[in-house]
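Taken together, the values in this text are just the output of simple stated rules run on the coordinates, not laboratory data. Computed from a predicted model, the values in this text were never measured in an experiment. Here the Cβ positions follow ideal geometry from the backbone for every residue, glycine too, while neighbour counts run over all protein chains shown.
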Amino acid sequence: MEITQDHNRRVWDERARHGLLHTRTARDDEFADPLKAINGRGWIDGGLEDKRVLCLAGGGGLQAPLYAAAGAKVTVVDISPAMLEQDKRVARERGLELQTIAASMDDLPMLADASFDLVTQPVSTCYVPSLAKVYDGIARVLRVGGQYLSQHKQPLNLQAAPTPFPNGYAVTEGYYATGPVPPLHGEFEHREKGALEFVHRWEELVGGLCRAGFVIEDVAEPRHGDPAAEPGTFRHRSQYIPPYVAIKARRVATPVLGQAAAAGIVMP
Ligand SMILES: C[S@@+](CC[C@H](N)C(=O)[O-])C[C@H]1O[C@@H](n2cnc3c(N)ncnc32)[C@H](O)[C@@H]1O
């Protein structure tokens, strides 16, 4: 586990230093209306004024400064000090306050129970082997009624070949693997070169949330495909394989499975 985290920390530090994909900071036009910029799906309850927000694995100077600009009290946890440096720099430049913590998303003992109203997590759970550990930690630090808004790589995105053959995309990696998917040779937009990434099954992504004490209120598959895209590009591949899934979840006092048991419903 430590080895995975150290490895991915180095990968993300390097990506931040070289300004690679997914390391950009927030732009002026986004700061002009920060709530609009971060609430494209309209999933955030009401406004953000004084809400306690955790940006989990959300370093890089994009999400966290926008949440702070929208009035939230922001803590950003990320494994990469270089990504967190970008948050600090943007916050300094914009006169915003935020707390940064270098830690892994699956080990959050420094955060108090029920200390957040909203946890937001950009695509990142692929970097840890156990999704259940991440969900349990979030359930602990989120107050009952609080929101968990997340985005994840779909399992098939990590299972399928990067390039088409002959005209579709073959599934080349198993669904039940416990280790990381093999590295790819070359630059591909659906993977971060050199990072150790894990397939999380749907029963873990969705069922795991219910088991951890959340109800799912909505699910979205952001469109990245373009029918006119060149074969082998991210946009072409995304016509066949939706790369990401976004999930709107809420922390409940009694997990759904518990409610079912209380109502005498036998779950299969
Ligand atoms: C795709 S980026 C998301 C944030 C970025 N601002 C964006 O919107 O694209 C993934 C983030 O996950 C972080 N990360 C990777 N492994 C992590 C771990 N085990 N715990 C916490 N953060 C992790 C990386 O450092 C990186 O900042």
Exercise. Checking A102 against (1) of a type in the set (G, A, S); (2) within 14 Å of the ligand (Cβ to nearest atom); (3) out of contact with any Pro (no Cβ under 8 Å at 6 or more places or on another chain), which single condition isn't satisfied?
Worked result: (3)
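Table: residues versus (1) surrounded by 14 or more Cβ atoms within 10 Å (Cβ to Cβ); (2) under 16 Å from the mean Cα position of the chain (by Cα).
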{"site": "L158", "(1), (2)": "yes, yes"}
{"site": "A161", "(1), (2)": "yes, no"}
{"site": "P164", "(1), (2)": "yes, no"}
{"site": "V171", "(1), (2)": "no, no"}
{"site": "G174", "(1), (2)": "no, no"}
{"site": "V181", "(1), (2)": "yes, no"}
Exercise. Just checking, which of V134, V119, V76, V90 is under 19 Å from L205 (Cβ atoms), in contact with a Ser or Thr (Cβ under 7 Å, 6 or more places away or on another chain) and surrounded by 22 or more Cβ atoms within 10 Å (Cβ to Cβ)?
Worked result: V134
For this session: Six or more apart or on different chains, Cβ under 8 Å: which pairs go from a residue in the stretch 128-157 that's within 17 Å of E217 (Cα to Cα) and of a type outside the set (S, T, Y) to one that's assigned to a helix (DSSP H, G or I) and within 13 Å of the ligand (Cβ to nearest atom)? Could you list them?
Result: H152/T125; H152/C126
Problem set entry | Residues (free of Cβ contacts under 8 Å to residues at least 60 places away in the same chain, within 10 Å of the ligand (Cβ to nearest atom) and assigned to a helix (DSSP H, G or I)) located in the stretch 67-85 | L84
Exercise. Looking only at the stretch 15-49, which residues are within 22 Å of A249 (Cβ to Cβ) and either over 20 Å from the mean Cα position of the chain (by Cα) or part of a loop (DSSP other than H, G, I, E, B) (or both)?
Worked result: N39, G40, R41, G42, W43, I44, D45, G46, G47, L48
